[in-house]
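Q: I'd like to ask you about the structure that follows.
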């Protein structure tokens with residue numbers, strides 16, 4: 001097999017960032033628009049988590065299925081086809097007229113979005129050396145922050161001016177531009193295929209039988225479960241419970257996203273220098289304090305914007321640390337498959353968090369205020385406090401194995 005041309009790290013990171021940005025905005029936009037859906041489509045505010053959960057269920061199913069074959073194809077081509085489906089499904093969201101239709105279309109959207117995250121992370125690991133990978137992961141994951149800084153506030157303003165359908169239409173147009181740029185700028189990415197036999201098949205069972213892989217999935221699952229107990233309900237909570245004005249919601253996401261973006265750049269460098277565990281530990285402490293002050297206590301003493309910025313800061317720091325340590329688990333021929341399974345765990349845990357919070361919460365008939373938010377917050381805190389222990393175990397196992405192995409990545413079968 002002919003070796004593909006070299007790929008510029010800078011160009012790859014820029015394209016991956018753009019893919020992550022439109023993918024994340026597509027996903028994130030649903031949650032702050034929850035109150036808008038409730039008003040326009042007659043949806044109970046306590047059931048907003050179902051909309052986000054439907055997307056993640058579709059993404060989880062497709063990620064599991066795609067794990068069988070993602071490593072068999074050119075990364076660039078696979079990303080383009082996933083983007084094409086995402087574009088059509090996102091545009092179709094504008095046609096929904098009730099909860100059932102919106103949930104159905106979001107499931108389809110998730111099916112195409114599922115493989116994207118695993119593919120783009122695999123592309124970064126393929127190209128960026130381990131000593132610079134934490135910083136690269138920080139740049140890529142900062143798409144989450146930029147989505148919060150630019151994508152969500154702009155989407156909220158568009159929805160405020162022209163209805164909730166407008167943001168989905170705009171996201172579809174942006175996604176089309178990114179898909180074209182992917183084919184135009186990136187060369188074929190087939191280096192991971194070198195040395196793989198044409199008739200070899202990915203043994204998915206391997207991804208569920210080794211300690212390092214199981215620890216990685218546990219980290220991902222607990223972090224997403226805890227996060228999405230809270231995230232789908234933040235918009236309704238701050239508006240209906242804390243009486244934050246709808247017209248200032250864009251400012252709230254702008255502030256949180258800005259803090260998060262800056263923190264992600266620092267987190268990537270700190271993870272490269274001091275190790276991912278240190279970053280994850282302090283992020284977990286901060287997140288616990290924010291949830292106690294902002295979501296558990298009856299009387300909120302801090303401004304809403306401070307609470308939200310602190311929540312986004314802690315979540316972002318933790319995300320970079322987790323992504324950096326998980327990137328060390330698979331070898332080059334199994335990256336996309338392993339990342340697909342990890343993405344499936346991520347989506348399933350997100351769906352569980354959203355669905356569980358919808359089951360635990362009730363809304364007040366007259367004001368729409370969420371009842372039971374403190375119980376949801378306590379459960380999220382419990383998952384947060386478990387994470388540093390799992391993180392320490394995984395990072396120590398990887399460090400010990402790397403000392404006895406000259407390779408950059410650790411094979412799953414060493415777990």
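Q: Among the residues of segment 154-169, is there at least one that is farther than 28 Å from residue 90 by Cβ, at pLDDT below 85 and within 23 Å of the chain's Cα centre (by Cα)?
A: Just the residues of segment 154-169 that are farther than 28 Å from residue 90 by Cβ, to begin with: none.
Scanning segment 154-169, I find no residue that is farther than 28 Å from residue 90 by Cβ, at pLDDT below 85 and within 23 Å of the chain's Cα centre (by Cα), so the answer is no.
Q: Something else: Evaluate segment 224-246: report whether one residue or more is over 19 Å from the mean Cα position of the chain (by Cα) and free of Cβ contacts under 8 Å to residues at least 12 places away in the same chain. Walk me through it before giving the result.
A: Going through segment 224-246, the residues over 19 Å from the mean Cα position of the chain (by Cα) turn out to be 236-246.
When the remaining residues are screened for being free of Cβ contacts under 8 Å to residues at least 12 places away in the same chain, the result is 243, 245.
Scanning segment 224-246, I find at least one residue that is over 19 Å from the mean Cα position of the chain (by Cα) and free of Cβ contacts under 8 Å to residues at least 12 places away in the same chain, so the answer is yes.
Per-residue answers, yes or no, for (1) under 17 Å from the mean Cα position of the chain (by Cα); (2) in a loop (DSSP other than H, G, I, E, B):
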{"residue": "278", "(1), (2)": "no, no"}
{"residue": "290", "(1), (2)": "no, no"}
{"residue": "300", "(1), (2)": "no, yes"}
{"residue": "317", "(1), (2)": "yes, no"}
{"residue": "322", "(1), (2)": "yes, no"}
{"residue": "328", "(1), (2)": "no, yes"}
{"residue": "344", "(1), (2)": "yes, no"}
{"residue": "351", "(1), (2)": "yes, no"}
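Q: May I pose another question? Run residue 243 past the list (1) crowded, with 18+ Cβ neighbours inside 10 Å; (2) at positive phi and report the number of the one that doesn't hold.
A: (1)
Q: How many residues are touching a strand residue (DSSP E or B) at 6+ places or on another chain (Cβ under 8 Å) and surrounded by fewer than 20 Cβ atoms within 10 Å (Cβ to Cβ) if we restrict to segment 44-90? Steps first, please.
A: Narrowing segment 44-90 to residues touching a strand residue (DSSP E or B) at 6+ places or on another chain (Cβ under 8 Å): 44-46.
When the remaining residues are screened for being surrounded by fewer than 20 Cβ atoms within 10 Å (Cβ to Cβ), the result is 44.
The total comes to 1.
Q: Restricting to segment 369-415, name every residue that is more than 24 Å from the chain's Cα centre (by Cα), in a helix (DSSP H, G or I), buried (at least 16 other Cβ atoms within 10 Å of the Cβ) and modelled with pLDDT of 80 or more.
A: Correct list: 397 only.
The values are calculated or read from the model by the stated rules, or taken from the named source; none is laboratory data. Here the structure is a predicted model, which means the values were calculated and not measured. For neighbour counting, all protein chains shown are included, and Cβ atoms are generated from backbone atoms with ideal geometry for every residue, glycine included.
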